[in-house]
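Undergrad: Structure in structure tokens, see below.
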Amino acid sequence: MARYEIHGGKPLNGTVTISGAKNAAVAILPAALLVSGKCRIENVPNISDVRILMSILDRMGAKIVSPERNVVEIDCSEVQCTEPDADLVKKMRASYYLMGALLGRFGKAHVALPGGCNFASRPIDQHIKGFEALGAAVDETEEYVALEPGEDGLHGQRICLDMASVGATVNIMLAACLIPGQTIIETAAKEPHIVDLANFLNTMGARISGAGTDTIKIRGVNSLQGGTYAIIPDQIEAGTYMAAVTAAGGNVLVQNVIPKHMDCITSKLAEMGAKVINYDDSIRIIRNGPLRKAVVKTRPYPGFPTDMQAQVCVCMALANGVSRLTESVYETRFFGYCTELESMGASIKINGKTAMVTGVEGLHGATVCAHDLRAGAALVIAGLAAEGVTYVEHIHFIERGYEHLVRKMTALGADIRRIED
Ligand code: EPU
């Protein structure tokens with residue numbers, strides 16, 4: 001299996017360009033199933049989750065071409081299949097968006113339960129609640145979810161989610177676009193990729209308002225037409241490079257970002273001692289002095305993202321004093337990387353939802369294993385900041401979500417290479 005070899009201890013300098021957002025892309029590609037005509041989607045990240053999703057759509061009968069780098073033209077007009085390939089579906093998490101998209105397009109779906117990063121129990125009861133509220137009859141087993149119209153047919157409905165679930169919000173938006181009547185999602189998730197999906201669907205002719213607030217309204221339309229859309233930059237990829245500079249030191253211009261999306265991350269890194277300068281669509285981050293301890297609690301957007309928990313933990317591991325890191329979205333997420341960081345010299349005590357991180361003078365290289373995408377990114381950052389050589393194994397997790405990580409880090413002066421064993 002391939003792994004990364006990192007010779008750490010070198011600061012990062014230069015410019016890095018952020019790719020399109022993974023979590024927007026994995027919602028927008030299935031959304032193309034709802035569109036009668038060709039969608040040209042730009043700024044699509046070339047990552048394994050996106051490639052799997054395109055294979056699934058291709059096998060379902062979608063016509064997909066990539067006329068240039070990071071551009072995908074997809075036409076799902078002739079798709080008839082409502083049962084996507086189960087083996088491919090199980091390879092990633094966001095394949096569950098096929099449920100909402102197929103329900104919206106065909107009124108039925110038979111989709112295997114998804115796989116992906118299993119850093120916590122990840123139920124989909126809120127997705128099911130949404131489908132049922134829209135009038136679907138749901139057959140859920142340990143293997144698959146099958147949806148078809150219930151006795152009263154599919155219709156718009158007011159749905160109050162029990163928590164602001166990103167996945168349930170996306171799935172209900174997808175299902176509701178072509179269903180007659182008005183659907184209202186209360187306690188909707190507000191993440192940037194929710195807004196991006198709504199903007200994509202509206203560009204294709206949907207009538208969605210309120211995305212980015214707690215209440216999203218979707219007025220069903222008869223059809224969606226093709227069009228062109230560019231995916232937003234990846235908030236978490238940008239945050240990961242910023243955390244890498246904070247941990248390893250240096251001076252990097254992070255370009256192709258939406259600084260507003262980064263506020264919750266930049267303010268914490270600045271509090272810890274990084275200097276952050278916002279421009280219109282880029283951010284300069286400089287770290288050349290000592291790091292200070294911090295208190296961080298992950299929360300849904302606009303709070304500090306759970307997907308940045310592991311990366312900021314590495315910064316805390318190198319800061320003066322004892323930092324407190326509390327996870328409020330996925331309680332078990334610490335287990336994916338804290339033991340690995342400890343093998344590199346970090347000092348972390350976990351008590352339930354909180355990790356107390358006592359800063360150390362420095363980390364040292366070790367052989368560590370990525371257990372999920374963001375945990376893997378954190379181990380790369382730790383390897384860059386550490387003295388000596390670090391080997392990061394199970395990098396397929398990292399390649400799910402980071403486009404050209406080795407190339408981008410190398411351009412910043414990192415000594416990292418991908419080794420095929
Ligand atoms: N939840 C339920 N029932 C549900 C849905 C969610 O109890 O039906 C709970 C979850 O267990 C969790 C919380 O609600 O405690 C939030 O889950 P959410 O549904 O918001 O997460 P998700 O849709 O499964 C997306 C991202 C994750 C990111 C979370 C939180 C995608 C494809 N995935 O997951 O991204 O961590 O939102 O922001 O958008 C990643 O990119 O590495 C990643 C894991």
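The values are calculated or read from the model by the stated rules, or taken from the named source; none is laboratory data. Keep in mind the model is a prediction, meaning the values are calculated, not measured. Cβ coordinates were reconstructed from backbone atoms using ideal geometry, including for glycine residues, and neighbour counts include every protein chain displayed.
Undergrad: Sort out for me the strands (runs of 3 or more DSSP E) sitting completely within segment 279-370 that have 1 or more residues that are among the small types (G, A, S) and in contact (Cβ under 8 Å) with a residue 12 or more places away in the chain.
TA: Strands (runs of 3 or more DSSP E) meeting the threshold: 282-287, 322-326, 347-351, 354-358.
Undergrad: Still on this model: Is it the case, given these coordinates, that S55 is polar (S, T, N, Q) and in a loop (DSSP other than H, G, I, E, B)?
TA: no
Undergrad: Being part of a loop (DSSP other than H, G, I, E, B), in contact (Cβ under 8 Å) with a residue 24 or more places away in the chain and either in contact with a Cys (Cβ under 8 Å, 6 or more places away or on another chain) or within 18 Å of E403 (Cβ to Cβ) (or both): is that true of P45 here?
TA: The answer is yes for P45.
Undergrad: Restricting to segment 110-165, give me the number of residues that are of a type in the set (D, E), touching a strand residue (DSSP E or B) at 6+ places or on another chain (Cβ under 6 Å) and within 15 Å of the ligand (Cβ to nearest atom).
TA: Of the residues in segment 110-165, 1 are of a type in the set (D, E), touching a strand residue (DSSP E or B) at 6+ places or on another chain (Cβ under 6 Å) and within 15 Å of the ligand (Cβ to nearest atom).
Undergrad: Determine whether T266 is under 18 Å from A244 (Cβ atoms), without any contact (Cβ under 8 Å) to a residue 40 or more places away in the chain, of a type in the set (S, T, Y) and part of a helix (DSSP H, G or I).
TA: Yes: the conditions hold for T266.
Undergrad: Do you know which of the residues in segment 335-353 that are within 16 Å of the ligand (Cβ to nearest atom) and crowded, with 16+ Cβ neighbours inside 10 Å is nearest to C313 (Cα to Cα)?
TA: Y337
Undergrad: Within segment 231-241, identify whether any single residue is of a type in the set (A, V, I, L, M, F, W, C) and not in a helix (DSSP H, G or I), and answer yes or no.
TA: Yes; the residues of segment 231-241 include at least one that is of a type in the set (A, V, I, L, M, F, W, C) and not in a helix (DSSP H, G or I).
Undergrad: Yes or no: V368 farther than 20 Å from V245 by Cβ and crowded, with 23+ Cβ neighbours inside 10 Å?
TA: yes
Undergrad: For T332, which of the numbered conditions (1) at pLDDT 95 or above; (2) within 15 Å of the ligand (Cβ to nearest atom); (3) surrounded by fewer than 17 Cβ atoms within 10 Å (Cβ to Cβ) fails to hold?
TA: (1)
Undergrad: I'd like the full set of residues that are assigned to a loop (DSSP other than H, G, I, E, B) and either farther than 30 Å from G239 by Cβ or within 16 Å of the ligand (Cβ to nearest atom) (or both), limited to segment 188-209.
TA: A188, A189, K190, E191, G205
Undergrad: Looking at segment 371-418, what helices (runs of 4 or more DSSP H) fall wholly within it and have at least 2 residues that are within 16 Å of the ligand (Cβ to nearest atom), closer than 21 Å to V44 by Cβ and among the aliphatic types (A, V, I, L, M)?
TA: 373-385
Undergrad: Looking only at segment 119-127, decide whether some residue is buried (at least 23 other Cβ atoms within 10 Å of the Cβ) and at pLDDT 95 or above.
TA: Looking through segment 119-127, at least one residue is buried (at least 23 other Cβ atoms within 10 Å of the Cβ) and at pLDDT 95 or above.
Undergrad: Still on this structure, I have one more. Quick check on I185: is it more than 15 Å from the ligand (Cβ to nearest atom) and touching a helix residue (DSSP H, G or I) at 6+ places or on another chain (Cβ under 7 Å)?
TA: no
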